[in-house]
Amino acid sequence: MPRTAVVTAVFGEQFHRISRAWFEWNLPYFPADAEVHIVSTDGVRGIPRTAGRVNYSFAASSDLVDDSPLPMVMRRLRVAERLRLAKVIELCRKGYRCALIDVDIAFHKPIAPLFDVPQDLVFSRAFGTPRDCVQKIGFVACTGFWIASPAGVPFLSHWLADMETDHGVDQNVLNSRFMNLQWQSVPFIIDGAAFDNSVASMEECSVAVLDRRLIERGIDRFEVTIGNHHRRVPMTYFSQLPMKSSPAARATAMLRSLARRVKLLMIKS
């Protein structure tokens, strides 16, 4: 059996607080052997070492250089999207099956069955952006939850290269390719229940987009099989978990952020 890994990316005190609760809530639903990899773009370790099973990667100063004409927060988000995709590629090249999971997702059942979807790339389903993709094929592949196998690396590498060239949002860049594929509905069985995944083939690999009931784009538990994905998930499901940060952690985050800004100025000059 291939090894499994879970990847997410965080930056800023708010996301580090949420990541601690995200980890505590979702860990019981990860595959038992899964390694957890968190890409931190501000040099902060939000989950203590004592938690175990968590591997942090810290962005280098050169990784944070982004000359796109976007507001700072948006540039930081684009950087996080590129670095987390690069981490998935790195792990897949080592033979892992890897799930990328945003910190605004709460699971209610184990995600192991989703690793059994036979396609090389498996994405959750959304209906937001890019709108031209929704209008053409009726859905989009959501980049907040997806699973990749080693066979998907060639496509993932092309996706990353396109993001770096165009400074594009990862979901928009991805679906600009997916909207031109020929999709068909294929049943997938979990615990005796049938779900309709959308499946397509590309030159590099095969891809599936999950039935919307598996990862619901909302906070309502009604008809949700595996989990919820929505910006209100942390306040809805994680609110009962401790999410306070210590003064020392805040001070460390500020100092590291200042140091990285100085390095960026030196690189640009």
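The values are calculated or read from the model by the stated rules, or taken from the named source; none is laboratory data. Note that the coordinates shown come from a computational prediction; the quantities given were computed from them, not determined experimentally. We place every Cβ from the backbone using ideal geometry, glycine too, and count neighbours over all the protein chains shown.
Of the residues making up the stretch 130-152, those that are over 16 Å from the mean Cα position of the chain (by Cα) and not aromatic (Phe, Trp, Tyr) are PRO130, ARG131, ASP132, CYS133, VAL134, GLN135, LYS136, ILE137, GLY138, PRO150, ALA151. Among the conditions (1) modelled with pLDDT of 85 or more; (2) of a type in the set (Val, Ile, Thr); (3) in contact with a helix residue (DSSP H, G or I) (Cβ under 7 Å, 6 or more places away or on another chain), ILE101 misses just one, which is (3). Residues of the stretch 145-173 that are over 23 Å from GLY95 (Cα atoms) and out of contact with any strand residue (DSSP E or B) (no Cβ under 6 Å at 6 or more places or on another chain): ASP162, MET163, GLU164, THR165, ASP166, HIS167, GLY168, VAL169, ASN172, VAL173.
Selection of first residues in the stretch 38-53 that are on the phi > 0 side of the Ramachandran plot and of second residues that are aromatic (Phe, Trp, Tyr), restricted to Cβ pairs under 6 Å at least 6 apart or on distinct chains, gives the following pairs, ordered by first then second residue: GLY43/PHE58.
Set side by side, the residues ALA86, ALA80, ALA32 differ, and just one is more than 22 Å from GLY152 (Cα to Cα) and either at pLDDT 90 or above or out of contact with any Pro (no Cβ under 9 Å at 6 or more places or on another chain) (or both), which is ALA32. Before we move on, is SER149 small (Gly, Ala, Ser), touching a Lys or Arg at 6+ places or on another chain (Cβ under 6 Å) and in contact (Cβ under 8 Å) with a residue 24 or more places away in the chain? It is true that SER149 is small (Gly, Ala, Ser), touching a Lys or Arg at 6+ places or on another chain (Cβ under 6 Å) and in contact (Cβ under 8 Å) with a residue 24 or more places away in the chain. With respect to (1) touching a helix residue (DSSP H, G or I) at 6+ places or on another chain (Cβ under 8 Å); (2) modelled with pLDDT under 95, the lone exception for MET74 is condition (1). Within the stretch 152-170, the residues that satisfy the criterion of being modelled with pLDDT of 95 or more and out of contact with any Lys or Arg (no Cβ under 9 Å at 6 or more places or on another chain) are GLY152, PRO154, LEU156, SER157. Scanning the stretch 179-231 for residues that are acidic (Asp, Glu) and in contact (Cβ under 8 Å) with a residue 40 or more places away in the chain yields a count of 3.
Picking from residues in the stretch 219-234 that are modelled with pLDDT of 90 or more and surrounded by 13 or more Cβ atoms within 10 Å (Cβ to Cβ), the one that is nearest to CYS142 (Cα to Cα) is HIS229.
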